[in-house]
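**Student:** This is the structure I have questions about; it appears just below.
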Amino acid sequence: MVARLTRIIPLLLLLAFVAGVVYVVAAWRYSPARAKEILIKAFTMLNVVLAAFFGLASLYALSEGNGDVLDLTLSFMVTALVALGITRICRAVFLKHNPSYRMKPMKAKRLRRWPWPWGRR
């Protein structure tokens, strides 16, 4: 059990570093609330891609009969799925405290008053 946890530490450190860099740059460029929204979207996509990749690698290791690689890839896949769950919880909390981010802005609708610009209103 401890051996599995020590194998995922590099992945966790990498995810934490990426999160820190993305948040600092986005908070500097935009606002802290927008930075959180960007971070949640980025980590949702990143964790979905990681889980899919390690899931496919696990299936390949299973088909080849390689137990050691299967154990490693399953550990990474579970880590990505747990991180995805945490990201979704963070999104729910963020939307609870910032309800304005739930509704995206819509494009304005232009009313055409052709052929005369002073037509009826």
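**Student:** Can you name every residue in the stretch 98-121 that is surrounded by 10 or more Cβ atoms within 10 Å (Cβ to Cβ) and modelled with pLDDT of 75 or more?
**Tutor:** Initial filter on the stretch 98-121 (surrounded by 10 or more Cβ atoms within 10 Å (Cβ to Cβ)): 98, 101, 113, 119.
Passing the criteria: Asn98, Tyr101.
**Student:** Within the stretch 1-97, considering only helices (runs of 4 or more DSSP H) that don't extend past its boundaries, which have at least 2 residues that are modelled with pLDDT of 90 or more and buried (at least 16 other Cβ atoms within 10 Å of the Cβ)?
**Tutor:** Details: elements: 2-7, 9-29, 32-64, 67-97.
The qualifying helices (runs of 4 or more DSSP H) are 9-29, 32-64, 67-97.
The values are calculated or read from the model by the stated rules, or taken from the named source; none is laboratory data. Here the structure is a predicted model, which is why all the values come from computation and not from measurement. Cβ atoms come from the backbone with ideal geometry, glycine included; neighbour counts cover every protein chain shown.
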